[in-house]
Structure formats: structure tokens, C-alpha cells
Amino acid sequence: MYPHIHLYVLASGSKGNAAVVEGPKGSLLVDCGISRKMLHARADEIGCDLGRVRAILLTHEHGDHTTGLPVLRRHFDGPVYTTAGTASGRRSLSDIRFTLIDHDATLELCGMRVTAFPTSHDVNDPMCFRFEVRDQGEDGQDEVLDALGWVTDTGYLTDEALDALYGCRVLGIESNHDPRMLASGPYPYYLKRRVAGDSGHLSNDQAAAALPHLVTRDTETVVALHLSEQNNRPSLAVRALAQAVGAEKANDTYTEARTADGLLSICASSQHKPLAVW
Ligand SMILES: [Zn+2]
Ligand SMILES: [Zn+2]
């Protein structure tokens, strides 16, 4: 695959999430859990042009994915896509004009095919997405030129998620917690159960277990998403994902890993520093 899609993770974690998926004909903002001001500051930091954003996609209603939306909405005319469950799931969203879609919808946006799939989270009707740039070959067959998968805030990967995330060039996958750190960490019991449960968050081990089924020869970059600051370390997430696909550490701190042939690299997103993946 050739990079037709670029990813800018502006913030990722329980204090706020926002990412820009840049396609051939514009960009999509996925979630808006940081302020408009921070959105612009983070985008500027890594050369991401927010002026290209044509639509917003909302995965679910939790505050760390929606806090910035009410203010941003006043400055943004384009469609905001989400499910009816998400749109009605939070009082702060009640005045926002949404374009409602199903959690298995297919949209054509910004020169990309966007395929939604359901996730498993303690909210009304959450979803995540696969983004593809396609072309019709000379034989009339539809050909995938580039693909990016995005999954976060899910207790496990649904069958639809596993299908949708297969063989992407860039894969953003939740790697929320180290199960041992969570078990021995400061969270109260009910919260530990929630995070580790089927409607909570994907652990390093769960993401690692899925990788061999999702990564193909087309996969160039795996980005660990939504890392817990209490119950995880970037090095633990990257190490777990790296070991699952036979990658070795690429720096001393183990915050980057790479396969011996150099074709696949693994890194971690951050709450505090934006990340660009080309
Ligand atoms: Zn979240
Ligand atoms: Zn959530």
C-alpha cells in the first residue's frame, strides 16, 4: 500500500482524545475530547491543517471524547456523525446538531470509504472505524490503495472489529492498561472491574493477542492508543505489542519497536504529545 491516508493523534488517553485522519480530499476529526484551543495548538505542533477538516466522527459520548465538541461545533459547519445512542447519551451534547448513522454504516468522505463497526463499552451505542482509499483497477475490480484502522474504548474486539481492522497499513489499537499494574494499582475495586471488564478498555495483553490476526505484510505502523497514566507505561504497551509480532525494541526506553526487516514499527500515542503517522 502507498500512504494516501495520514494520521495525526492529537491527544489520546482518559484526559482527552482527538485524532485527525487526513484523506486525499480532506480530513476527518475523530472525537473531540480536548478544548478547541488545545486542538489547534497540538495540530500546529505537528503540521496538521485543521482547515482541511470536513466532518467529525464521534465514537461515543464519554467526556474524554466529547468535552471540546460544544465549543468546536459553534465554529464548524460540517456534519458531525454519530449514533443515536451517543447523540442522546450526554446532556452536554443535547444542543448539538448531529448526522445520525448506524454503528455499521459505510460513508464516502474526503476521498475515503469510512466503515463503522461496533465496539463494546459502557455507553449507549459506541463504534469505531476503518478508513480506506480505493480505486477501480483496469479490470473493473475495486482495489484498496491504503487502509487505516482505529479502535479504542472497547472491552474486547467484536467480530466486526476484527474483520474491519484486518490488514491495515496503519493500525491504531487501544492498549489501555497493563493487567498487573491495574490489579495492584490505586483504583478502587469497582473501577478495576469496569476497566478490565467486557465493556471497559482493551489491555496491552488483549491488543497483543489480536495483533497476529490483524497485522499483514501491508502493515507498516501500529500505534498503541488510550494508554492509562495510572495503570500503564508506554514501554510496557510497546513491549507487549512488539513481542506479539516478533519486533525488537528500537530505542533504549522501549517506546518504539521494529521488526528485523524494518517493515513494521510500533509506537505509543500520548496524552501530552501529538503524534503524526504518514
Ligand atoms: Zn476514552
Ligand atoms: Zn470511553
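If you go through the stretch 3-27 and keep only what is of a type outside the set (A, V, I, L, M) and outside any loop (DSSP other than H, G, I, E, B), you end up with 6, 8, 22, 23, 26, 27. The number of residues in the stretch 5-42 being hydrophobic (A, V, I, L, M, F, W, C), over 17 Å from residue 78 (Cα atoms), within 16 Å of ligand 1 (Cβ to nearest atom) and touching a residue at least 60 places away in the same chain (Cβ under 8 Å) comes to 3.
Among all positions in the stretch 125-140, there is at least one residue which is part of a loop (DSSP other than H, G, I, E, B) and touching a Gly at 6+ places or on another chain (Cβ under 9 Å). Give the number of residues within the stretch 36-89 that are within 17 Å of residue 26 (Cβ to Cβ) and either hydrophobic (A, V, I, L, M, F, W, C) or touching a strand residue (DSSP E or B) at 6+ places or on another chain (Cβ under 8 Å) (or both). Matching residues across the stretch 36-89 total 18.
Within the stretch 65-86, is even one residue surrounded by 15 or more Cβ atoms within 10 Å (Cβ to Cβ), of a type in the set (A, V, I, L, M, F, W, C) and in contact with an Asp or Glu (Cβ under 7 Å, 6 or more places away or on another chain)? For the stretch 65-86, residues surrounded by 15 or more Cβ atoms within 10 Å (Cβ to Cβ), of a type in the set (A, V, I, L, M, F, W, C) and in contact with an Asp or Glu (Cβ under 7 Å, 6 or more places away or on another chain): absent. Against the test of being away from ligand 2 (no atom under 16 Å from the Cβ) and out of contact with any Phe, Trp or Tyr (no Cβ under 8 Å at 6 or more places or on another chain), the options 123, 170, 114 yield a single qualifying residue, 170.
Residues that are closer than 13 Å to residue 112 by Cβ and of a type in the set (A, V, I, L, M, F, W, C) were ranked within the stretch 134-163; the one that is nearest to ligand 1 (Cβ to nearest atom) is 150.
Against the conditions (1) within 27 Å of residue 175 (Cβ to Cβ); (2) in contact with a Ser or Thr (Cβ under 6 Å, 6 or more places away or on another chain), residue 63 satisfies every one except (2).
Rule-based calculations on the coordinates, nothing more; no lab input. From a predicted model like this one, the values you see are computed outputs, not experimental measurements. A quick note on method: Cβ atoms are made from the backbone with ideal geometry, for glycine too, and the neighbour counts reach across all protein chains shown.
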